[in-house]
1. Would it be correct to say that residue 75 is open to solvent by 60 Å² or more (accessible area, probe 1.4 Å), more than 15 Å from residue 124 (Cα to Cα), out of contact with any Cys (no Cβ under 8 Å at 6 or more places or on another chain) and part of a helix (DSSP H, G or I)?
2. Select from the range 240-250 the residues that are more than 11 Å from residue 14 (Cβ to Cβ) and not aliphatic (A, V, I, L, M) and write down the one among them that is nearest to the chain's Cα centre (by Cα).
3. Restricting attention to the range 116-132, which residues are surrounded by 14 or more Cβ atoms within 10 Å (Cβ to Cβ) and of a type in the set (A, V, I, L, M, F, W, C)?
4. Taking the range 23-72 only, how many residues are open to solvent by 40 Å² or more (accessible area, probe 1.4 Å), over 22 Å from the mean Cα position of the chain (by Cα) and under 22 Å from residue 129 (Cα atoms)?
5. Pairs needed: first member in the range 1-16, open to solvent by 100 Å² or more (accessible area, probe 1.4 Å); second member anywhere, modelled with pLDDT of 85 or more and not basic (Lys, Arg); C-beta distance under 6 Å; at least 6 residues apart or different chains.
6. Please go through the range 137-159 and give me each residue that is outside any loop (DSSP other than H, G, I, E, B) and open to solvent by 40 Å² or more (accessible area, probe 1.4 Å), ordered by number.
7. Only one residue in 134, 109, 124 is modelled with pLDDT under 95, of a type outside the set (D, E, K, R) and in contact with a helix residue (DSSP H, G or I) (Cβ under 6 Å, 6 or more places away or on another chain), so which one is that?
8. Identify all residues within the range 160-179 that are within 17 Å of residue 89 (Cβ to Cβ), touching a residue at least 40 places away in the same chain (Cβ under 8 Å), outside any loop (DSSP other than H, G, I, E, B) and among the aliphatic types (A, V, I, L, M); write none if there are none.
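The values are calculated or read from the model by the stated rules, or taken from the named source; none is laboratory data. Just so you know, these numbers come straight off a predicted model, no measurement behind them. Here Cβ is always computed from backbone atoms with ideal geometry, including for glycine, and neighbour counts include all displayed protein chains. Please note that ligands, DNA and RNA were not included when accessible areas were found on the heavy atoms of the full protein model with its side chains. Shrake-Rupley method; radii C 1.70, N 1.55, O 1.52, S 1.80 Å.
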Amino acid sequence: MPIEVIRGKRTRPRRVLLYGPQGVGKTTWASKAPDPLFLDIERGSDDLDVARTPQIDSWEGLGSTLKRLLDEGGEWKTLVLDSVDWAEKLLHQKLCREAGVQEHELVKIQGGYGSGYTMAAARISSMLKMFDAIQKKHGWIIVLLGHTKSQRIDDPQRASYTQWQLNLHEKAAAPVREWVDEMFFAQTDVSIMEVDSRGKDGGRSIAKGGKKRWITTVGSPAVAAKNRLGITTDLPLEWSAYQKFWPGSGYTPPPAEPEPEPDDSKPAQLKTEAEAETF
């Protein structure tokens, strides 16, 4: 008997992670998703008119809440975890408490050598499986929100560089990155201005900006990001700008702009060290 083959695109609920610095608007972005319910860990949605659970202050509390949602369902269409790195903190607290060590001593659990972080990563994977079960049973969109960290990348083929990444331990971040369909980075515009002590140009550097906000959808040496929707450009920090790319939305994205042809009439210029680090 020949194997069954399914062709074509299939419409299904998305699994999306949006991470970025504090105050950029991640929670507001998620509040525009269809009928969201917030798993409230860090109380970032208090100033928004949204549905939320009572504040979750333990890993056990998060687990019991997810179990009830799996069993009981509800009127929601989107489930928002706010935030995944605060959930990881609750998990670390639980593991350290059970092992009888301080909260910052997870590395000492089970004899050290990173075993505590390996254990934590397995629990994070179990949380993702619970989200899978909820999505399969109820058809909800799953949104994970997170904060950012700057991490040095040592590349054996080129100079080391620094990249914005999700603020999770790497062993926990890996399954999260693989699980989500989209991993987006939210950011604001920043310009650097040099002034002296009297406010004139030339001297110490200060940063200005923060009015324009957007989402990076494609990974680069500077930012960890991905998407499975064929998005090739940055997006406004608006839920509707993301949702229109979903299969079945009727939206056809414009073709990517071709790379400019090299101008052989001009001599090649060497990049500075700073440019080489970020490409």
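1. It is false that residue 75 is open to solvent by 60 Å² or more (accessible area, probe 1.4 Å), more than 15 Å from residue 124 (Cα to Cα), out of contact with any Cys (no Cβ under 8 Å at 6 or more places or on another chain) and part of a helix (DSSP H, G or I).
2. Among them, the one singled out is 240.
3. 119, 120, 121, 124, 127, 128, 130, 131
4. Looking only at that region, the number is 6.
5. Taking only residues 6 or more apart or on different chains, the pairs are 9/247; 11/247.
6. Those that are outside any loop (DSSP other than H, G, I, E, B) and open to solvent by 40 Å² or more (accessible area, probe 1.4 Å): 137, 138, 149, 150, 151, 152.
7. Going through 134, 109, 124 in turn, the sole match is 109.
8. Once the filter is applied, which keeps residues that are within 17 Å of residue 89 (Cβ to Cβ), touching a residue at least 40 places away in the same chain (Cβ under 8 Å), outside any loop (DSSP other than H, G, I, E, B) and among the aliphatic types (A, V, I, L, M), the range 160-179 yields 166, 172, 176.
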